[in-house]
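Presented below is the structure to which this report refers.
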6 protein chains.
Amino acid sequence: METVYITRRETFNAAHKLYRDDWSEEKNWEVFGRCSNKHWHGHNFEVFVTVKGKPSEDTGFVINLKDLSKIIKQLVVDPLDHMNLNLDVPFMKGILASTENLVIEIWKLIEEPIRVAGGELVKIKLVETENNFVEYYGGKEPY
Amino acid sequence: METVYITRRETFNAAHKLYRDDWSEEKNWEVFGRCSNKHWHGHNFEVFVTVKGKPSEDTGFVINLKDLSKIIKQLVVDPLDHMNLNLDVPFMKGILASTENLVIEIWKLIEEPIRVAGGELVKIKLVETENNFVEYYGGKEPY
Amino acid sequence: METVYITRRETFNAAHKLYRDDWSEEKNWEVFGRCSNKHWHGHNFEVFVTVKGKPSEDTGFVINLKDLSKIIKQLVVDPLDHMNLNLDVPFMKGILASTENLVIEIWKLIEEPIRVAGGELVKIKLVETENNFVEYYGGKEPY
Amino acid sequence: METVYITRRETFNAAHKLYRDDWSEEKNWEVFGRCSNKHWHGHNFEVFVTVKGKPSEDTGFVINLKDLSKIIKQLVVDPLDHMNLNLDVPFMKGILASTENLVIEIWKLIEEPIRVAGGELVKIKLVETENNFVEYYGGKEPY
Amino acid sequence: METVYITRRETFNAAHKLYRDDWSEEKNWEVFGRCSNKHWHGHNFEVFVTVKGKPSEDTGFVINLKDLSKIIKQLVVDPLDHMNLNLDVPFMKGILASTENLVIEIWKLIEEPIRVAGGELVKIKLVETENNFVEYYGGKEPY
Amino acid sequence: METVYITRRETFNAAHKLYRDDWSEEKNWEVFGRCSNKHWHGHNFEVFVTVKGKPSEDTGFVINLKDLSKIIKQLVVDPLDHMNLNLDVPFMKGILASTENLVIEIWKLIEEPIRVAGGELVKIKLVETENNFVEYYGGKEPY
């Protein structure tokens, strides 16, 4: 049996801003542009979680998508959906709410639970708009 | 020459919440659910603006899409993109920031400028997520 | 306050076949082509339900999407998702499982519950593949 | 049995330009902008053809999609796909190659063949880019 | 000339179920959930086939997409489209009809014909729904 | 801080043909099929540019998307949008206008400017139609 990569998509809608309190408003505007609006803006985010493994001879599954979906919903969608990434999310406290930083924190949350469920997390893709997304491989080699 | 309907899409990202200050938090939660989060959430909005008319014999156009796009960008995208619908948008002041109410206000803003540009606005579709959108015909008959 | 049309999308995956027992296999093949495969085939269906109304002054809503989503999930998605349209669905018994017939039956199921929830059902769009879909207005004038 | 609207999508890729030989280059640029490039540009077009009718008691079909698809492929896709709308398409000769004009000509081509096949053409939607499309109802009331 | 990766998409609609005859219905339900429905369900599948190579100096092609498309249509779409993955597909006999197992079998079918056509198959992506897909690299290193 | 991959999408519409003057029309037709139409055809292209790096502690960014977008717009979209790939584009002169060759030339144009802006270009994906796209990694290992 060969290694297959399986991906589950979940979605959440959230507000955030890119703003540093230790910078002037001008500096924030210069670097972050419209994303620095003090009153927040928001996005419909899509998160794609990829798990690697050999299909089980018992089930044909790399990982049961019910389990994978449950992990993502509990650990990612529930704390982020309809939330403010800067104000409401404990694991983003003190971290600039860029998509890059968010995807790294999501990795930390779900890597171990996925391992416990029998899978190996190899990639997270986080889509912010139709024009930009980030991909993260946990600092390991990209697959 | 026959009547044709032409549609232009533009996009904007914004924050909002559905929350009434004259209701308790419990009441807000009961009615608006997660959308009532005090700290805001947000969406990637898509707005589709439809104009009706006969193609010009000179240009083949119902309306020049450069003109239509310019009207939408100046009057809709610029005031809404990366903004907070409740706090930053003069024409939404005092109005519950539901998609239904927003689409009505957008109509009021662009109907006349489109007429001046030689077109007749007949529909606005406002997409909030892949799972919900509103359509508005200015109180006139749907086309 | 003006009339707005609001639409909710839900999805379900189902098997079906287009096959008449009172026709020969050849006749079934001639009319229904590959869709007549006795062993079934299937699709990822998308159902878009549109409700018409004036936004409530209390909530800004034509209908609370939580309520609309619940009606569609209970009455449409639950009986159809991962089901066989010909074998498993009581309201399709004795009816050719075409998309046209299915959308009519879905209308009958949800029109009254939507009215009870305060909305007026005006359209159902049922998407079978990226290349074909049907729209139904309950025999009333299209909106 | 009630009236249902069924839609088939087909696609074609074509080149065109918006340019009038009886205008100066400056005038062409002023009106048509980049679309006036003498050396052409092109698009992936999508055409959605909608037919109205009551589902047949025999087949459950408004129209057999195999027949509808065949008509669109023969009369629309075959003459337009990988063609130059200004140079290669007999039915566009002498007509400004705007999307508005194209959709009107497509209507003329397929209305009668669809009637012969037992359907009533009620709408054609022609998508030029993700940001603009036209809809045409044959000069009749929109459905 | 440098190595480029070219991908062709084809689609097929099929029925399947995830069900083991040597398990009780309860066990099947516990593991496979709704996918275990005895009467089948189905999906609109998309298959993306990626071939690696250096663009030919003669043609600018890694592989002629007409050839690649023909291989996929003959060996994948034709045997799978409007079929039942458990009952109708010789190469899936005796194999649990999971997406993971299907993508592996598709690889075996097309790797050699693609090589004969001058290409090197490096990836197959098989999309089951908008929320889940699998990727397979033939047991080789992912590209 | 870990390595993250960030991608920006931009779009352009262009005409091209696949045709060699040193081949007969028959030979061109045999190899390139409909793409060899002398009068051109065209597409809506999407270009996805991926940059690799560690998020800056100052900004949370791998690269400022405003800068990345500006580079792509100036060096790729501006010279290609509404252009003829065979006639209007200096960097494509003398090169067969296949998607494979185009993606290689785009790489050469933007690799260095992205480096100057502080990023490392690792991938370009160029989408020609919903059914085919190419990916290029600059001759380096795929990420």
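Of the residues E:Asn84, E:Asn101, the single one that is touching a Pro at 6+ places or on another chain (Cβ under 8 Å) and modelled with pLDDT of 95 or more is E:Asn101.
Based on this model, can you work out whether A:Tyr143 counts as open to solvent by 10 Å² or more (accessible area, probe 1.4 Å) and in contact with a strand residue (DSSP E or B) (Cβ under 6 Å, 6 or more places away or on another chain)? Judged against the criteria, A:Tyr143 is a match. Would you check if B:Thr59 is of a type in the set (Val, Ile, Thr), assigned to a loop (DSSP other than H, G, I, E, B) and modelled with pLDDT of 95 or more? The answer is yes for B:Thr59.
Residues considered: D:Lys70, D:Lys108. Of these, the only one that is charged (D, E, K, R), under 22 Å from B:Val62 (Cα atoms) and part of a helix (DSSP H, G or I) is D:Lys108. Looking at the range B:104-127, which of its residues are in contact (Cβ under 8 Å) with a residue 40 or more places away in the chain, closer than 13 Å to B:Val76 by Cα and β-branched (Val, Ile, Thr)? B:Ile106, B:Ile110, B:Ile114, B:Ile124 - these are the residues of the range B:104-127 that are in contact (Cβ under 8 Å) with a residue 40 or more places away in the chain, closer than 13 Å to B:Val76 by Cα and β-branched (Val, Ile, Thr).
Here A:Leu121 passes the criteria (1) within 12 Å of another protein chain (Cβ to nearest Cβ); (2) of a type in the set (A, V, I, L, M, F, W, C); (3) within 18 Å of E:Glu135 (Cα to Cα) except the one numbered (1). Within the range A:111-143, the residues that satisfy the criterion of being outside any strand (DSSP E or B), more than 15 Å from A:Ile71 (Cα to Cα) and at pLDDT 95 or above are A:Glu130, A:Asn131, A:Tyr137, A:Gly138. Considering only residues that are in contact with a Lys or Arg (Cβ under 8 Å, 6 or more places away or on another chain), of a type outside the set (D, E, K, R) and touching a residue at least 24 places away in the same chain (Cβ under 8 Å), which ones fall in the range A:128-137? Correct list: A:Asn132, A:Phe133, A:Val134, A:Tyr136. When the range C:15-29 is filtered for residues that are closer than 22 Å to C:Val89 by Cα, among the hydrophobic types (A, V, I, L, M, F, W, C) and out of contact with any helix residue (DSSP H, G or I) (no Cβ under 7 Å at 6 or more places or on another chain), only C:Ala15 remains. Taking the criterion of being over 15 Å from E:His16 (Cβ atoms), open to solvent by less than 50 Å² (accessible area, probe 1.4 Å), out of contact with any Gly (no Cβ under 9 Å at 6 or more places or on another chain) and not hydroxyl-bearing (Ser, Thr, Tyr), the residues of the range E:110-140 that qualify are E:Ile110, E:Pro113, E:Ile114, E:Ala117, E:Asn131, E:Phe133, E:Glu135, E:Gly138, E:Gly139.
In the range D:94-143, which residues are over 13 Å from the mean Cα position of the chain (by Cα), within 29 Å of D:Lys38 (Cβ to Cβ) and among the small types (Gly, Ala, Ser)? If the condition is that a residue be over 13 Å from the mean Cα position of the chain (by Cα), within 29 Å of D:Lys38 (Cβ to Cβ) and among the small types (Gly, Ala, Ser), then D:Gly94 is the only one that fits. Checking C:Leu96, C:Leu87 one by one, the residue that is part of a loop (DSSP other than H, G, I, E, B) and free of Cβ contacts under 8 Å to residues at least 24 places away in the same chain is C:Leu87 and no other. Checked against (1) free of Cβ contacts under 8 Å to residues at least 60 places away in the same chain; (2) within 13 Å of another protein chain (Cβ to nearest Cβ); (3) buried (at least 17 other Cβ atoms within 10 Å of the Cβ), C:Ile71 passes all but condition (2).
Taking C:Asp78 as meeting all but one of (1) part of a helix (DSSP H, G or I); (2) acidic (Asp, Glu); (3) within 13 Å of chain D (Cβ to nearest Cβ), write down the number of the exception. In the conditions (1) part of a helix (DSSP H, G or I); (2) acidic (Asp, Glu); (3) within 13 Å of chain D (Cβ to nearest Cβ), C:Asp78 misses (3) alone.
Cβ-Cβ contacts under 7 Å between residues 6 or more apart (or on different chains), taken from a first residue in the range C:24-53 that is closer than 21 Å to C:Val76 by Cα to a second residue that is open to solvent by 70 Å² or more (accessible area, probe 1.4 Å), are listed as C:Val51/C:Glu120; C:Lys52/C:Glu120. Within the range D:7-50, the set of residues being open to solvent by less than 30 Å² (accessible area, probe 1.4 Å), in a helix (DSSP H, G or I) and of a type outside the set (Phe, Trp, Tyr) comprises D:Asn28, D:Val31, D:Gly33, D:Ser36.
If you filter the range B:84-106 down to residues that are open to solvent by 10 Å² or more (accessible area, probe 1.4 Å) and within 16 Å of B:Ile71 (Cβ to Cβ), you find that the one that is nearest to the other protein chains (Cβ to nearest Cβ) is B:Glu105. Out of curiosity, is D:Val103 β-branched (Val, Ile, Thr) and in a loop (DSSP other than H, G, I, E, B)? Judged against the criteria, D:Val103 is not a match.
Scanning the range F:55-64 for residues that are crowded, with 22+ Cβ neighbours inside 10 Å, farther than 30 Å from D:Phe32 by Cα and out of contact with any helix residue (DSSP H, G or I) (no Cβ under 6 Å at 6 or more places or on another chain) turns up at least one hit. One residue alone among C:Val47, C:Val4, C:Val31, C:Val51 is farther than 22 Å from C:Val127 by Cα and of a type in the set (A, V, I, L, M, F, W, C), and that residue is C:Val4.
The values are calculated or read from the model by the stated rules, or taken from the named source; none is laboratory data. The model shown is predicted, which means the values in this text are computed figures rather than measured ones. In this analysis, Cβ positions are derived from the backbone assuming ideal geometry, glycine residues included, and neighbour counts consider all displayed protein chains. When the accessible area is computed, the model is the full protein with side chains, heavy atoms only, and any ligands, DNA or RNA have been set aside. Shrake-Rupley method; radii C 1.70, N 1.55, O 1.52, S 1.80 Å.
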